Amino acid sequence: MTAPVSEIFLSIEGEAMFAGYPTAYIRFAGCNFTCAGFNNPEMVEITNEVLGFDPADYTKLEDIPLITRGCDSIYSWDKRFKHLWKRYDIKELAEVVTSLLPNYSWKSRSGLPIILSLTGGEPTLKQKQIIELLNEPILVSVETVIIETNCSVPLKQTFIDSLNEWEYNGSMRGRHRKIVWSNSPKLSVSGEKREVAINPNIANMQRYVSGHIQYFKFVCGDNDTDFDEVADVMKLYSANDSSANQKVYIMPMACTMEQQQDIAKGVALKCIKRGYIYCHRVHASVFGNTVGT
């Protein structure tokens, strides 16, 4: 079995409850959304002119200029970047991500476990590949897996069962494995249709993975419209108890460090007023939100 991958890198988790933790990332290629409205309120088509460059001019993903408009991970799903992706055999994928670790180990010298983050694109489009990946022997000591999802792709029962088996097998080896559902449903400002982007049933399905952690993470501008929609959407997620008393994080809508800083204060103040957790993109401030961070 193989999987198309945009990039593999070692960094820190930049968002929400594990911010700052050392984390190894696999960014799968492909997504069911485009989120063209992010940092693009006029919904201008993201042409090469708007991008500011032609992806065909580059042979290495790390050399592309910073994305400043639309989805900041457009390079993981837009076919103009397909020549920069690589299709990995799952065993090779496990070996490559492990090779990036200090001392080739999923535990740091201090004993702190290194997180494995599966992102995209949309990783839940690769459910079979994820299960095969987690069961690779070289990943046996992985304890925490973050699945960074837009929470819109139905989860197959075989996927849920296999995740439970992965956790159970870990407990038999004395490991405290956990799946973290980092849910980032897309609001109307993203340009995606609400009836497709907001699906509480999928968040409810996540609860059937034993020992899971689940939280919600929304991208908002410094305006009441986005925050009002978060409140409305969370009522839907709470209706079936899938998100009762859930942590809700709000991130500033930004591609670059400068864009984030421009609205960070306003977004943070609205979080205080509304009772949400402000979520700074730490990696954007530390590394500039470039590829590989």
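The numbers here are math on the coordinates, done by the rules we state, and not lab data. Everything quoted here is computed from the prediction, not taken from an experiment. Positions of Cβ are backbone-derived with ideal geometry, glycine not excepted, and every protein chain shown enters the neighbour counts.
Relative contact order of the range 2-287: 19 percent, from C-alpha pairs under 8 Å at least 6 residues apart in sequence. Annotation: the residues Cys35, Cys151, sorted from fewest to most other C-beta atoms within 10 Å of their own C-beta, follow the order Cys35, Cys151. Relative protection proxy for 87-100, 249-262, from highest mean packing down: 249-262, 87-100 (other beta-carbon atoms within 10 angstrom). Using the Cβ of Met253 as centre and a radius below 11 Å, the other residues enclosed give a net charge of -3, where K and R count +1 and D and E count -1. The Cys residues in the chain with no partner Cys Cβ within less than 4.7 Å of their Cβ are Cys31, Cys151, Cys220, Cys255, Cys271, Cys279.
Among the listed pairs Lys82/Lys193; Lys186/Lys247; Lys247/Lys273, which are separated by more than 19 Å between their Cα atoms? From Lys82/Lys193; Lys186/Lys247; Lys247/Lys273, over 19 Å: Lys82/Lys193. Sorting 202-211, 42-51 by average packing, meaning the other beta carbons within 10 Å per residue, from highest down gives 202-211, 42-51. For Ser285, the shell of other residues with beta-carbons less than 12 Å away shows a net charge of -1, using +1 for Lys and Arg and -1 for Asp and Glu. When you count the other C-beta atoms within 10 angstrom of each residue and take the mean per peptide, 123-131, 220-228 line up highest first as 123-131, 220-228. Working note: 222 nm ellipticity from helices only, DSSP H runs with n ≥ 4, each -39,500 (n - 2.57), summed and divided by the residues of the chain, gives -9000 deg cm²/dmol to the nearest 500. Summing Lys and Arg as +1 and Asp and Glu as -1 over all other residues whose Cβ lies under 13 Å from the Cβ of Pro41 gives a net charge of -2. Note on the range 3-78: dipole from Cβ charges, positive end direction compared against Ser76, Gly20, Ile64; the farthest Cα belongs to Gly20.
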